[in-house]
Each structure stands twice: as structure tokens, then as C-alpha cells.
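Data block below; observations after.
Since every read-out is calculated from the coordinates, none of them should be taken as a lab result. Computed from a predicted structure; not experimentally measured. With ideal geometry, Cβ positions are generated from the backbone for all residues, glycine too; neighbour counts draw on all protein chains shown.
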Amino acid sequence: MRIIWLVIFSLLFISAIVAFVVAFRKKVAYVLLGAPEKRFDRIPSRLRNFAENVLLQKKLLQESYGIAHLIIFWGFVFIVISELPFIFDGLFPDYSLPLVETTAGAIFFMIKDVLATAVFIGLVVALIRRWIIKPVRLYRTLEAFLVVFFIMLVIVTDWLFVGARLAMDPHITSFQFSPLYQLTGRLLSGMETSTLELFAQICWWAHIGVLLAFTVYIPNSKHLHLIGAPLNSYFASLKPVGGQIKPMDLEDESVTEYGISRIEAFTWKQLLDSFSCGECGRCMDNCPANLSGKPLNPKELLSRTLKHHLLDKGEVMLKYGLKSTGEENEDKLAEIAEKSPEDAAILNKNLIKDVVTEDVLWSCTTCMSCQIQCPVSNEHVNKIVDMRRYQAMMEGDLSSELLIALRNVENNSNPWGVGSSKREDWAKDLNVPLLRDAENPEDIEYLYWVGCAGSFDGRSQKVATAVVKILTAAGVKFAILGTEEKCCGDFVRRTGNEYAYQTLVAENVETMNAYKVKKIVTACPHCLNTLKNEYPEFGGSYEVIHHTALINQLINEGKLSLNTEAAPEPQRIAYHDSCYLGRYQQEYEAPRALFNKVPGVTLVEMDRHHNKSFCCGAGGGRMWMEEHLGERINQARLKQALEKDPQVIGANCPFCMTMLTDGIKEIVDPEKGLTVVDPSELIAKMV
């Protein structure tokens with residue numbers, strides 16, 4: 001009889017493994033349709049990422065439900081490891097594997113028993129949360145139910161099988177410290193031995209059936225993320241958050257298409273993202289576009305739109321042995337069109353418009369909240385920028401407002417369209433030193449990068465003036481480029497015009513390198529990120545700091561004294577973290593520290609703050625585009641601030657100040673007198 005069992009088990013096991021391998025290999029083949037990308041370097045750093053985000057669940061532990069997921073993860077690991085002795089025990093009950101019948105084995109099964117119990121409780125909580133509490137970000141699908149059901153059945157059948165064995169022999173060494181196994185054994189102890197033997201066999205085969213069914217199910221469902229997510233975490237980008245946009249080689253004459261209009265033109269890592277998504281919904285729960293009623297839902301984009309298109313197109317491409325559907329395979333595609341119009345229709349789908357709508361593509365503010373919150377290291381923003389590049393550089397299909405801003409940059413080196421000769425006019429009465437006038441530019445400690453907003457926007461000019469006053473009072477040797485400064489290119493790049501961006505970079509880098517600039521201070525987080533994290537790839541490596549960080553440093557070092565008697569009136573300030581200083585640079589404390597150095601200031605946090613701060617709506621070129629769909633993002637953020645009943649809103653970015661000020665004009669009673677202030681403006685009154 002044992003031989004028959006072994007044969008049946010072997011056939012089922014081999015069938016399940018073959019089915020798993022076939023399905024898994026096909027998914028791997030889909031991923032490998034993607035373009036090459038270097039992600040095999042810096043192994044120690046990648047192993048550290050893997051340990052932190054997979055083994056220790058670092059990102060998930062930042063959530064209220066995180067500890068439960070950590071327990072479920074490690075419980076699942078112990079359950080998987082224990083499958084070998086479980087299978088062996090059922091097939092060969094008269095023998096045991098080495099170490100199983102030892103104290104070490106008993107301790108292992110005790111840990112596994114406790115964790116399995118915790119996992120079962122966690123899964124019950126998960127079912128209640130998803131199906132009764134029903135948070136918007138958790139979809140109630142059959143797939144979501146099946147994975148929980150499978151794992152619960154694996155645990156229950158394991159308990160019952162071991163319990164039946166303990167009921168027949170309470171002195172099995174390997175389970176002597178296991179509370180649930182012992183309890184189950186006592187509950188079953190009243191049954192006849194023959195009945196227990198039959199019951200144990202039924203439970204063992206039920207367990208094996210569920211286990212093998214789960215094995216086949218994984219690569220054929222969204223739960224492929226159980227394999228994809230750990231790989232994705234290992235291959236996560238090691239670049240700074242703000243430096244992950246891939247530069248394009250614009251001098252490569254072999255390139256016939258810029259940007260991405262075909263799914264296989266993404267890199268293999270970008271395609272792996274879709275199979276790694278666990279559909280937890282943290283991205284959609286923190287996306288300002290999604291939360292304000294725009295058609296962009298980061299979770300849908302990765303796990304549904306792009307993945308389903310990859311599955312459909314990948315199937316057809318593999319069928320015909322295609323690695324690409326670009327111009328090089330034009331003849332092959334024509335042949336396919338004659339043979340199968342249905343297959344040709346799938347192959348000819350344009351990723352943009354046919355799959356990802358333009359409204360989805362242009363709703364993104366590049367705030368990075370989706371990527372920061374994602375526990376499996378998915379990279380959403382770069383895909384959007386890559387598709388925008390195709391729209392901008394190949395189709396020229398941009399909104400009229402955006403085209404005006406880009407034309408202004410082309411003609412006057414700033415999106416406001418003010419003549420570039422007037423770039424230093426804001427400082428003409430401040431005696432601000434110009435780098436071109438310095439006898440020895442190398443003696444200048446900091447280049448103050450004013451940025452387009454500080455140069456041309458009236459509100460931001462007040463911040464620039466405050467920064468100059470503070471740096472002067474602290475005795476910092478600084479200078480500005482004046483008319484030699486051009487737009488840093490932040491919004492130009494993020495709206496897809498890589499050519500214009502690289503032109504700006506080349507000119508700015510040439511200017512700064514000629515002056516041998518080493519350190520830069522700026523009041524614009526967008527300029528900060530671009531100069532610090534993106535310019536190094538184009539020959540411009542500088543130490544770049546935000547003005548709030550430098551001012552805070554000057555005060556702490558005793559180089560800047562504050563006259564507290566000159567402090568402004570006491571005020572309640574609701575503080576807004578800008579995306580490009582917070583999530584992009586992980587700088588949260590310097591602006592808060594400055595506000596807290598002002599006597600009478602009461603700083604209050606909005607409900608969404610620090611790395612979960614809500615975008616103002618200006619990033620990714622949205623500053624220069626009309627917001628036609630859903631609620632205005634700046635108004636949504638302003639309403640969050642108004643919940644704290646502030647007298648003032650604190651900000652640290654010129655774009656944020658503009659958007660929040662516009663929001664005040666649109667929805668706040670003027671008599672309330674609500675304003676937006678940068679911390680440097682308050683500090684400047686005290687120097």
C-alpha cells in the first residue's frame with residue numbers, strides 16, 4: 001500500500017512541479033522581453049535591501065498592520081520549511097528525518113506551531129479587514145480570497161494530521177513543546193485507533209492536495225508576487241530617489257525611437273514590477289492624483305493595465321518568436337497581419353492611448369509617494385516619464401499650456417517667459433555678489449542657485465531676499481550666477497523633453513565648472529534634486545544643500561545669532577512637507593527646526609505629513625498645466641491644512657507656496673487672512 005501511495009504522490013508532485021515550471025518559465029520569458037538593464041552590481045547593498053525589506057519587512061512595519069504581515073511572512077517561511085518532514089512523515093511513518101526527533105527539532109516545531117497559530121489569527125483578521133471593513137485600497141476578488149483560503153487549509157490540515165498522530169502516540173519527541181499540536185492531539189484522543197489512522201491519512205492527503213494546488217496556482221495568479229517581490233526588492237534601484245530617471249543617449253544614431261510606446265521597450269526590471277505587485281494598494285492610498293479623482297491609479301497601472309497588456313502581447317510575441325515589434329520587424333508583422341488579424345491587433349496596440357490613456361499619463365505629479373510607500377520596491381514614476389518622453393519627443397503631443405512653458409524655456413531659459421536679461425533684477429538693490437565679478441571665484445564658498453521662481457516670481461523673490469539677508473548676516477561667502485543661470489530643467493525632463501533638458505544641463509554645467517563651483521545652496525527643492533542627483537551623470541558633481549538645512553546649520557554652529565525680540569507675532573503654523581525636499585531628499589527636520597526656533601510659533605502637523613505628505617499638485621510639470629479632472633490637488637491639500645485651524649501655512653518650496661496661495665484665493669475667506677510662509681522669512685526678521 002505504501003508503494004501505491006508513493007507512486008500516487010510522486011505523480012501528483014511531478015505534475016504540480018511541471019505545471020509550476022511551465023507557467024513560471026512563461027512569466028520569466030515575458031519579463032525577458034524587456035530591454036537590458038544593469039541591476040547585478042553592488043551585491044552587498046542589494047543583499048542589505050533584501051534583508052531589510054524582505055526578511056525584516058522594514059517598510060511594512062511602518063504601517064499599523066505591519067507587525068501582522070511580519071508574523072504571517074515568517075510563519076509562512078516556517079510552514080514551507082516544515083513541509084519536507086511532513087511529507088516524509090506521511091510517506092514513511094516508521095522513519096524520521098535527521099534532527100527531527102531531537103530537542104532542536106522539537107524547538108523548531110514549537111516555533112512553527114506558535115507562528116502558524118499567529119498566521120491563522122492574522123489571516124482571520126485579514127479576511128475581516130478586506131471583506132467586512134472593506135478599505136478602498138483592498139479589492140475583494142476571488143484571487144484575494146483563494147490565497148487566504150489555501151494557507152488556512154494548509155495550517156488546519158497540518159494541525160489535524162499531527163494531532164491525530166499525537167492522539168495515537170502522545171510521546172512523539174518532535175512535538176513535545178508544541179501547544180496547538182498537543183491541544184489538537186488531546187481533542188482527538190477519544191477516537192478509535194483505526195479511525196485516527198484513517199483520519200490522519202485523509203488529513204495528510206488533503207494537506208498535500210492543497211499544497212500542490214497552491215503551487216500550481218501561484219505562477220498563474222497575482223500571487224506570483226510571492227516570488228517576484230523578493231526578487232524585486234533585491235534588484236531595487238540603488239540610486240537616490242530623485243536620481244532614478246534614466247538618461248538617454250541622444251547622440252546614438254542607431255536609436256530610431258525615443259521614449260516608450262511598446263511594452264517590450266521597458267527594461268526587464270520595469271516589467272518585473274508588474275509581477276511583483278501584491279496589490280496592497282498603499283500606492284493608490286497615497287497618490288494625490290488618485291485621491292483627488294484623477295484617472296491615475298498606480299496600483300491599477302502596474303498590476304492590471306501594464307501587466308495584462310504584457311500577458312496578452314507577450315503570449316503573441318512568444319508564439320511568433322518576436323523579441324520586438326519595432327520597425328526592424330515590420331515585414332514579420334505584415335506577415336502576421338495576413339495570417340491572424342487578431343494577433344496583429346494585439347501586437348500593434350500603442351502603449352499610449354490604446355493601453356494607457358493620456359489622462360492617466362499626465363495626471364502624475366511625480367511626487368514619489370507611490371514608490372516610497374511600496375513595500376516591494378516597484379518603480380512607478382520612471383515608467384510614466386518614459387511614456388511622456390515618447391509623447392514629447394516622437395509625437396510632439398503636449399498640452400498647449402505646457403508647450404508655452406517649454407517654449408519660454410527655449411527662448412528665455414525660464415518657464416515664466418520673462419527676458420533672461422532680467423534674471424538678476426530682483427537683487428539689484430541688495431548688493432548681492434555676482435560670481436562673474438569675483439576676483440577669485442574659488443574663494444566663494446556657496447553658489448546661491450536662485451532658480452527661476454526666485455528670479456521671476458514675486459512671492460518667491462521675497463524668500464530669495466530673506467536667504468540673502470541671512471547668508472550675509474552669517475558671514476557666508478556666496479554669490480549668484482545672475483543672467484548666467486538657466487532653468488535647471490526639472491519640469492522639462494519630467495514632461496518628457498529630454499533633449500531640451502540635456503541642453504540646459506550642458507549649459508549650466510559648463511558655466512559652473514568654469515567657475516569651479518563646489519557647493520550650492522538653493523531654496524527650490526526641485527532645483528536641489530536636479531543639481532544634486534541628476535547633474536552628476538552629465539559631468540556636474542556638486543555638494544548641494546537646501547537653504548533651510550544650511551540656515552539651521554549656521555544657527556546651531558553659532559555663526560548666526562537671532563534677535564528673539566524681533567520675532568513676529570505668535571502664530572499657529574500648519575506645516576506642509578514638499579515632495580521634492582521630503583520624499584526625494586529625506587529632509588524633514590531642518591524646516592521644522594527653523595520654525596521651532598521662532599518664539600511664539602506653534603507648529604502643528606497635518607494628518608498627512610513626513611513621507612506621507614500630500615503633494616501640492618505642481619510637480620512633474622503640473623505647475624504649468626490646467627487641472628481639468630477631479631478635485632484640484634492644491635485645494636485638497638489646503639483643506640487638510642484647514643482642519644488644523646492654522647493662522648499660517650508653512651512651506652519650503654516655491655511651487656508649493658504658489659499652489660497653496662492659489663488654493664487660499666480660491667476657497668478661503670479673505671478676511672481670515674491666511675498666508676503661506678517659508679521659515680527663512682521668519683528667521684530673516686530676527687537677524
Place the peptides 453-464, 270-281 in order of packing, highest mean first, counting for every residue the other Cβ atoms within 10 Å and averaging per peptide. 270-281, 453-464
With an 8 Å Cα cut-off and a minimum separation of 6 or more residues, compute the relative contact order for the range 261-394 in percent. 36
What size of dipole, in debye to the nearest 20, comes out for the range 412-556 about its Cα centre when the only charges are +1 on Lys and Arg C-beta atoms and -1 on Asp and Glu C-beta atoms? 400
Centroid-to-centroid separation of the range 563-583 and the range 132-148 [C-alpha atoms, Å]: 42
Taking the Cα centroid of the range 154-191 and of the range 375-408, what is the distance between the two, rounded to the nearest whole Å? 61
Helical segments meeting 15 Å axial Cα length and Kyte-Doolittle 1.6 threshold in the chain (DSSP H): 2-31, 66-81, 103-128, 142-168
Give the aspartates and glutamates reachable from Lys612 as a straight Cα distance under 18 Å; neighbours fewer than 8 places away on the same chain don't count. Glu63, Asp285, Glu379, Asp577, Glu587, Glu589, Glu643
Using only the Cα atoms, work out Rg/Rh for the range 145-280, with Rh taken as the Kirkwood radius, to two decimals. 1.29
Too long for a 30 Å Cα-Cα cut-off, among Lys59/Lys519; Lys246/Lys518; Lys422/Lys532, are Lys59/Lys519
The answer for Thr267, listing residues at least 5 apart or on another chain whose modeled amide H is closer than 5 Å to its amide H, is Ala35
Any idea what % of Cα-Cα pairs in the range 412-556 are farther than 24 Å? 25
Answer check: the range 584-687, Cα atoms, Kirkwood Rh, Rg/Rh ratio of 0.95
Highest mean first, how do 81-92, 519-530, 556-567, 383-394 rank when packing is the count of other Cβ atoms within 10 Å averaged over residues? 519-530, 383-394, 81-92, 556-567
How far apart, in nm, are two points set 7 Å out from the Cα along the Cα-to-Cβ line at Asp607 and at Glu543? 4.3
Whole-Å distance linking the alpha carbon centroid of the range 485-548 with that of the range 328-357 is 40
With N residues in the range 261-394, what two-decimal value do you get for its Cα radius of gyration over 2.2 N^0.38 Å? 1.10
Step through the residues of the range 643-651 one at a time and calculate ³J(HN,Hα) from phi using the Karplus curve (6.51 cos²θ - 1.76 cosθ + 1.60, θ = phi - 60°), rounding each to whole Hz and writing x for Gly and Pro. 4, 9, 6, x, 8, 9, 10, x, 8
Calculate the dipole size of the range 417-500 relative to its Cα centre from +1 charges on Lys and Arg beta carbons and -1 charges on Asp and Glu beta carbons; express the result in debye to the nearest 20. 420
Relative to the compact-globule estimate 2.2 N^0.38 Å (N residues), the Cα gyration radius of the chain stands at a ratio of 1.15
Lysines within cross-link reach of Lys685: Cα-Cα under 20 Å, excluding same-chain residues under 8 positions apart? Lys462, Lys469, Lys559, Lys597
What FRET efficiency comes out for Lys323 versus Glu83 if R0 is 41 angstrom and r is the Cβ-Cβ distance? Round to the nearest 0.05. 0.60
Using just the helices of the chain, give the 222 nm mean residue ellipticity in deg cm²/dmol: DSSP H runs with n ≥ 4 each add -39,500 (n - 2.57), and the total is spread over all residues, rounded to 500. -15000 deg cm²/dmol
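State to the nearest 20 debye the size of the charge dipole of the chain about its Cα centre, where the only charges are +1 on K and R beta carbons and -1 on D and E beta carbons.
On the way: 70 positive and 80 negative charges, 286 e Å.
Computed charge dipole of the chain: roughly 1380 debye.
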Explain nothing, just the number: relative contact order of the range 312-452, from Cα pairs under 8 Å at least 6 residues apart, as a whole percent. 10
Which whole-number percent is the relative contact order of the chain (Cα, under 8 Å, 6+ apart)? 12
For the range 1-82, what's the radius of gyration and Dmax over Cα atoms, in angstrom? 19.1, 54
For Lys26, counting only aspartates and glutamates whose alpha-carbon sits under 17 Å away and dropping same-chain residues fewer than eight positions off, the answer is Glu264, Asp273, Asp312, Glu315
